[in-house]
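Enquirer: Following this message is one structure expressed as structure tokens.
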Amino acid sequence: MMTGVILAGGLNRRMGGRPKALLPVQGEAMLLRQLKEMSHSCEQIIVVTSEVEPLQPVLAGLTVDIEVLCVRDIYPQKGPLSGIHAASKVAHSTHLWIVGCDMPFISGDAAKAMVEVCRDTNVDAVIPELEGRLHPLHGIYGRDVGPEAELLLQQQNYRLMGLLDHIDWQSVNLDFFVQRGLRTNFATNLNTPEEYKDMLDNLSLE
């Protein structure tokens, strides 16, 4: 099993200040969709945020049989790296499935397949590479990367890709997921109102 981690600590500037975690998708907040998906494959879920209060209505309405923990960044407003660091401090599992709160189509099945690779190869992280692009969010990270993340934060190196320069990791490509019959839209993320609208329009056409 693994610990699911949802990073919800951003300022949402490109979304015009609207909290991306609370944007509705098919009638429910994106955060709720993610929590439900993670509950099928994780033994624990951690939501890392700088503001807990706006998320409380969603968290209060969730009925799952696993622990859902809401924690604050220890290094506030320093991006995904600070979220990984904060989650590593309280995670029960040795493997963390890290996603951003702006990803409406996350896949527990894809995450489980990547955890198997992480265990089999004994690497620190497994990162999906789709159509030639790495997606460090929706990746699997060993809990033990926490100290390395903290060292980078202390050095004011806040790039998530910078973490990959300091750990042993492996990528898995599109064929890896296709061969297992897994959908490959799980890394889709929404940064702007235009991207959000396009996603909703495409869903309405399906």
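Enquirer: Give just the number: which of (1) surrounded by fewer than 14 Cβ atoms within 10 Å (Cβ to Cβ); (2) within 20 Å of I140 (Cβ to Cβ) does E53 not satisfy?
Expert: That leaves (2) as the condition not met.
Enquirer: Here's another thing I want to ask about it. For L31, state whether it is under 25 Å from D198 (Cβ atoms) and either surrounded by 15 or more Cβ atoms within 10 Å (Cβ to Cβ) or among the β-branched types (V, I, T) (or both). Quick ask: steps written out before the conclusion?
Expert: Numbers: under 25 Å from D198 (Cβ atoms): yes; either surrounded by 15 or more Cβ atoms within 10 Å (Cβ to Cβ) or among the β-branched types (V, I, T) (or both): yes.
Answer is yes for this residue.
Enquirer: Pairs please, first residue from segment 49-65 and of a type in the set (G, A, S), second anywhere and part of a loop (DSSP other than H, G, I, E, B), Cβ atoms under 6 Å, 6+ apart in sequence or on different chains.
Expert: If the second residue must be part of a loop (DSSP other than H, G, I, E, B), the pairs left are S50/G9; S50/D73; S50/P76.
Enquirer: Suppose we filter E51, E43 for residues that are out of contact with any His (no Cβ under 7 Å at 6 or more places or on another chain) and either part of a loop (DSSP other than H, G, I, E, B) or at pLDDT 90 or above (or both); which single one remains? I'd like the intermediate steps shown before the answer.
Expert: On the way: E43 fails: out of contact with any His (no Cβ under 7 Å at 6 or more places or on another chain).
Result of the check over E51, E43: E51.
Enquirer: Any residue at all in segment 111-125 that is farther than 17 Å from Y141 by Cβ, under 16 Å from the mean Cα position of the chain (by Cα) and not in a helix (DSSP H, G or I)? Before the answer, list the steps.
Expert: Let us first name the residues in segment 111-125 that are farther than 17 Å from Y141 by Cβ, namely none.
No; the residues of segment 111-125 include none that is farther than 17 Å from Y141 by Cβ, under 16 Å from the mean Cα position of the chain (by Cα) and not in a helix (DSSP H, G or I).
Enquirer: Do we find that D73 is in contact with a helix residue (DSSP H, G or I) (Cβ under 9 Å, 6 or more places away or on another chain), crowded, with 20+ Cβ neighbours inside 10 Å, among the acidic types (D, E) and within 14 Å of M30 (Cβ to Cβ) in this structure? I'd like the intermediate steps shown before the answer.
Expert: On the way: in contact with a helix residue (DSSP H, G or I) (Cβ under 9 Å, 6 or more places away or on another chain): yes; crowded, with 20+ Cβ neighbours inside 10 Å: yes; among the acidic types (D, E): yes; within 14 Å of M30 (Cβ to Cβ): no.
No, not satisfied.
Enquirer: Select, from G108, G83, the only residue that is buried (at least 22 other Cβ atoms within 10 Å of the Cβ) and on the phi < 0 side of the Ramachandran plot. Show your work before the answer.
Expert: On the way: G108 fails: buried (at least 22 other Cβ atoms within 10 Å of the Cβ).
Result: G83 is the single residue among G108, G83 that is buried (at least 22 other Cβ atoms within 10 Å of the Cβ) and on the phi < 0 side of the Ramachandran plot.
Enquirer: I'd like the full set of residues that are assigned to a loop (DSSP other than H, G, I, E, B), over 20 Å from D175 (Cβ atoms) and either of a type in the set (G, A, S) or without any contact (Cβ under 8 Å) to a residue 24 or more places away in the chain (or both), limited to segment 126-155.
Expert: Residues of segment 126-155 assigned to a loop (DSSP other than H, G, I, E, B): 131-132, 135-138, 155.
Within this subset, residues satisfying the condition of being over 20 Å from D175 (Cβ atoms) are 137, 155.
Scanning segment 126-155 gives a single hit, Q155.
Enquirer: Can you pull out every residue in segment 88-105 that is buried (at least 19 other Cβ atoms within 10 Å of the Cβ) and among the polar types (S, T, N, Q)?
Expert: Matches in segment 88-105: S88 only.
The values are calculated or read from the model by the stated rules, or taken from the named source; none is laboratory data. Please read these numbers as outputs of a predicted model, since none were measured by experiment. No Cβ is skipped: glycine too gets one built from the backbone with ideal geometry, and neighbour counts run over all protein chains shown.
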